[in-house]
Each structure stands twice: as structure tokens, then as C-alpha cells.
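Comments concern the structure below.
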């Protein structure tokens, strides 16, 4: 949605439903930072640049330290929930979701969820 010539609200109508603020913020960051696993299909950022952009994004949204710490797990859970929804909708015969699964969007989201957890999750290896 636009106010004048500036975008002020982004809505993903395919999966629109009530949910926690961080759930929506996580998906928005996933798409607009972006936070895609390295491959030849989607534009991928080096982890330091993704971290820089994610910090700017979190600052702009006013995320608390708790929300920032929870972000990787929430973003991964959000993507996995999207995949489960895709499977449910495809099984019910929804053509768009059936096409998403056939085109491999589910695998993309699952790969990205795993990568977000590994790249941005709690560190246990002293890096």
C-alpha cells in the first residue's frame, strides 16, 4: 500500500492472517534484507552484509534485544509454518499452492530456514 508515492505497508495476501508482530517482521526481513541461503537462484548476501542489513532492519522496527535474540528461531519457524500451510493447501486442491510445491518453493523455504538458523542463530563455536 502506498501513501503518496511511497510504500508504507507490504501485505502478502497468499498467507495473510493474524499473528505475532515478530512473525511478520521475520518474514519481511527474510524477503527484503534478504536472508536467502547461498545458491545460484536467489540473490544472496555474504553473512556480514546480511548481518549489517538485518541490524538496520531491526533498528528501524525498534526490535528489543529479546526479539533480536529470538529472530533466527522465529524466522525459521515462520518459513516452516509456511511450508506446512503450502502442503495443506496443495492437498486440498488449491492450484496456486500445488504449483508452489511442484516448483520447489517448499524446498527453498526449508533450505533457507536451516541456513538462517545456522548463520544467525546462537553461536556455540566461539566465532
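The values are calculated or read from the model by the stated rules, or taken from the named source; none is laboratory data. Here the structure is a predicted model, which is why all the values come from computation and not from measurement. Every residue, glycine as well, gets a Cβ built from its backbone with ideal geometry; the counts of neighbours run over all protein chains shown.
Answer yes or no: is there a residue in segment 15-23 that is more than 13 Å from the chain's Cα centre (by Cα) and at pLDDT 95 or above.
No, because not a single residue in segment 15-23 is more than 13 Å from the chain's Cα centre (by Cα) and at pLDDT 95 or above.
Can you pull out the residues in segment 53-66 that are within 17 Å of residue 9 (Cα to Cα) and in contact with a helix residue (DSSP H, G or I) (Cβ under 8 Å, 6 or more places away or on another chain)?
Step one: of segment 53-66, the residues within 17 Å of residue 9 (Cα to Cα) are 57-58, 60-62.
Hits for segment 53-66 are 57, 58, 61.
May I ask you to verify whether residue 76 is at pLDDT below 95, under 16 Å from residue 25 (Cβ atoms) and part of a helix (DSSP H, G or I)?
Values: at pLDDT below 95: no; under 16 Å from residue 25 (Cβ atoms): yes; part of a helix (DSSP H, G or I): yes.
No: the conditions fail for residue 76.
Please state which one of 96, 102, 70, 50 is more than 16 Å from residue 25 (Cα to Cα), in contact with a helix residue (DSSP H, G or I) (Cβ under 9 Å, 6 or more places away or on another chain) and touching a residue at least 40 places away in the same chain (Cβ under 8 Å).
Testing whether each residue is more than 16 Å from residue 25 (Cα to Cα), in contact with a helix residue (DSSP H, G or I) (Cβ under 9 Å, 6 or more places away or on another chain) and touching a residue at least 40 places away in the same chain (Cβ under 8 Å) leaves just 96.
Please go through segment 82-93 and pick out each residue that is more than 11 Å from the chain's Cα centre (by Cα) and either in a helix (DSSP H, G or I) or at pLDDT below 95 (or both).
The initial filter retains those residues of segment 82-93 that are more than 11 Å from the chain's Cα centre (by Cα), namely 83-93.
Hits for segment 82-93 are 83, 84, 85, 86, 87, 88, 89, 90, 91.
Kindly evaluate residue 27 against the criterion of being surrounded by 11 or more Cβ atoms within 10 Å (Cβ to Cβ), at pLDDT below 95 and part of a helix (DSSP H, G or I).
yes
Within segment 100-121, how many residues turn out to be surrounded by fewer than 16 Cβ atoms within 10 Å (Cβ to Cβ) and within 10 Å of residue 86 (Cβ to Cβ)?
1
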